[in-house]
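Written out below as structure tokens is the structure these notes cover.
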Amino acid sequence: MSASTVTLPQPTPTQLARGIAGAVPADLSKSPLLGILGVIMGAGIVTLTGRMLTLGLADLKGHVGIGFDDGAWISSAYNVALMFIGPFTVYLGALIGPRRILMVAAGVFTVICAFLPSIHSYSLLIAAMVLAGLSSGTFYPLTLTFALRNIPLRYLPFTIALYATFVDGAVNIAPSLFGWYREHLSWEWMFWNSAVLTPLMMLCIYFGIPSTPPPKRSSEAPSFAGFLYASAGFAMLFAAFDQGERLDWWRSGLFTALFAGGVFLLLCGLTRRLRSPNPLVDLPYLRQWNTILLGLGLIVFRFNLFCTIILIPQTLAIHGFEAYQIGPALIWSALPLLALAFAAGFFLLENLDSRLLMAIGFACMGFG
């Protein structure tokens, strides 16, 4: 008895394409290159704005007509707002959706940067810097969220590599760029620079990454209280340490109040977490040993970057060099970053152990 065979019809190219499209997740980027560009621009804009503010602080103080003590709070207002909105952005992104928040925040940041040079009131300037920090502080976590959730995996190593390069490269190129602005244009371009670049980032994200459906609402809405306490606590502690040297540390009542208030709010956030767990935060995952080690490694890596971010420019500034003179020295340290970033992305794409790659990087830092 012969076995009968059944011949199945071969699928047409159209059917194959439809099947593949149905198997691919719908939230993948519809234009990966534009999505990648938007992500790395978001990281670079925030870093460049903060560095430009430090370099042009003397011009800004002269424009407003304030002294050293009042001027010291300008950059602190911006950085404290950045620190506050960072943890709170996690809650807002999960509740409303990161794309919506990012587009609104980028629009507000653009308007503020466009009008900042025309402000002559000190109190209004501080308020504008706080709003600029709150709006641009969403760029770091939300653009990286876009990269991890929407960009195809084959592009992800290069995206993360370029993301890190733009963060560090923006710091190194800022002195030369600010010096060129002062020599050929005006100091106002320390803010107008961001007002021009941010709309380009918005266009890249809008056309490069599709909108995702709003998060599913559970029966019990997540509480914002714990995030608010933690964000305010971290912000107050940052303000205390940022102004500690000028205020003479514990001899100042303001420093003591900021430090005590920050610690108290962090304890309130921890108490809130223990009494009413938030479904947006998976605390057992954060307690895993690998997560703790990775977090410590990232902190050590960030502190190692201070050699180019702070030590080199501050040392040259003490010796009397201007920003446009310091710039070339930092650019020479930034040029290898692009090539090394592509090399790191290529090795990660070839499944090289990321721990080995990190160890090689730390070894190069130690040798340098």
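The values are calculated or read from the model by the stated rules, or taken from the named source; none is laboratory data. Quantities reported herein were computed from a predicted structural model and do not represent experimental measurements. Glycine also receives a Cβ, built like all others from the backbone with ideal geometry; neighbour counts cover every protein chain displayed. Areas reflect the complete protein model, heavy atoms only, side chains present, ligands, DNA and RNA absent. Shrake-Rupley method; radii C 1.70, N 1.55, O 1.52, S 1.80 Å.
Here are a few things to note about the model shown:
- Over all other residues within a Cβ to Cβ distance under 13 Å of GLY226, the charged ones net out to +3, with Lys and Arg as +1 and Asp and Glu as -1.
- With contacts taken as Cα pairs under 8 Å at a separation of at least 6 residues, segment 220-273 carries a relative contact order of 52 percent.
- Gain on full stretching of the segment that runs from VAL300 to TRP249 - 0.36 nm per residue minus C-alpha separation: 15.9 nm
- Taking 0.36 nm per residue of separation and subtracting the Cα-Cα distance, full extension of the segment from SER121 to PHE367 would add 83.7 nm.
- Comparing PHE238, PHE224, THR271 along the charge dipole axis of segment 220-273, the residue lying farthest to the positive side is THR271, per the Cβ-charge model.
- Ordering of 129-135, 181-187 by packing is 129-135, 181-187, highest average first (other Cβ atoms within 10 Å, averaged per residue).
- Highest mean packing first, where packing is the average number of other Cβ atoms within 10 Å per residue, the peptides 255-266, 62-73 line up as 255-266, 62-73.
- Ordering GLY169, ALA94, GLY38 by Cα displacement along the dipole of segment 28-211 toward the positive end leaves ALA94 in first place; charges were set at the Cβ atoms of Lys, Arg (+1) and Asp, Glu (-1).
- Note on surface exposure: CYS364, CYS268 rank CYS364, CYS268 by accessible area, highest first, 1.4 Å probe.
- Going by accessible surface with a 1.4 Å probe and the largest first, TYR229, TYR163, TYR206, TYR78 read TYR206, TYR229, TYR163, TYR78.
- Separation of alpha-carbon centers, segment 49-118 and segment 119-194, rounded to whole Å: 10
- Percent breakdown of C-alpha pair distances by 5 Å bin, ordered from the shortest bin, for segment 220-273: 4, 25, 24, 18, 12, 9, 5, 2, 1, 0
- Computed on protein heavy atoms with a 1.4 Å probe, the accessible areas place ILE312, ILE112 in the order ILE312, ILE112, largest first.
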